[in-house]
Amino acid sequence: MSDIPLVEIPAELLAQMRERVWFHTASLFAVERSTPVYKGTATCVAVAKKEYLLTAAHVWRELRARSGPAPRSHSDELGRAQLS
């Protein structure tokens with residue numbers, strides 16, 4: 001795969017890409033003392049006919065540290081080879 005500088009991607013295509021990602025973005029919250037607290041965002045993705053939330057490692061660590069029952073990671077069901 002080759003890298004394409006953002007300045008070489010037409011503005012209209014970037015706008016379309018942003019819109020598509022926006023429709024598949026979810027806010028993530030942890031519950032702290034019965035109050036939802038914003039922790040970050042995730043993107044909805046589908047792999048091997050299953051749906052997942054993809055988020056940054058620091059958001060995942062924060063959710064795992066603050067949540068009750070531990071959230072599941074992709075490694076619970078999905079091997080790295082399927083994510084490549």
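The values are calculated or read from the model by the stated rules, or taken from the named source; none is laboratory data. What you see is a predicted model; the values in this text were computed from it and never measured. When we count neighbours, we look across all protein chains shown, and the Cβ atoms used for this are built from the backbone with ideal geometry, even at glycine.
Out of (1) at negative phi; (2) within 22 Å of the chain's Cα centre (by Cα); (3) modelled with pLDDT of 85 or more, what's the single condition that is false for residue 20?
All conditions are met except number (3).
Any chance you could count how many residues in region 1-24 are touching a residue at least 12 places away in the same chain (Cβ under 8 Å) and part of a helix (DSSP H, G or I)? Talk me through it step by step, then tell me what you get.
Of all residues in region 1-24, those touching a residue at least 12 places away in the same chain (Cβ under 8 Å) come to 21, 24.
Next cut, part of a helix (DSSP H, G or I) only: 21.
Adding up the residues that qualify gives 1.
Looking at region 26-84, which of its residues are surrounded by 12 or more Cβ atoms within 10 Å (Cβ to Cβ), modelled with pLDDT under 85 and of a type in the set (S, T, N, Q)?
Residue satisfying the conditions is 67 alone.
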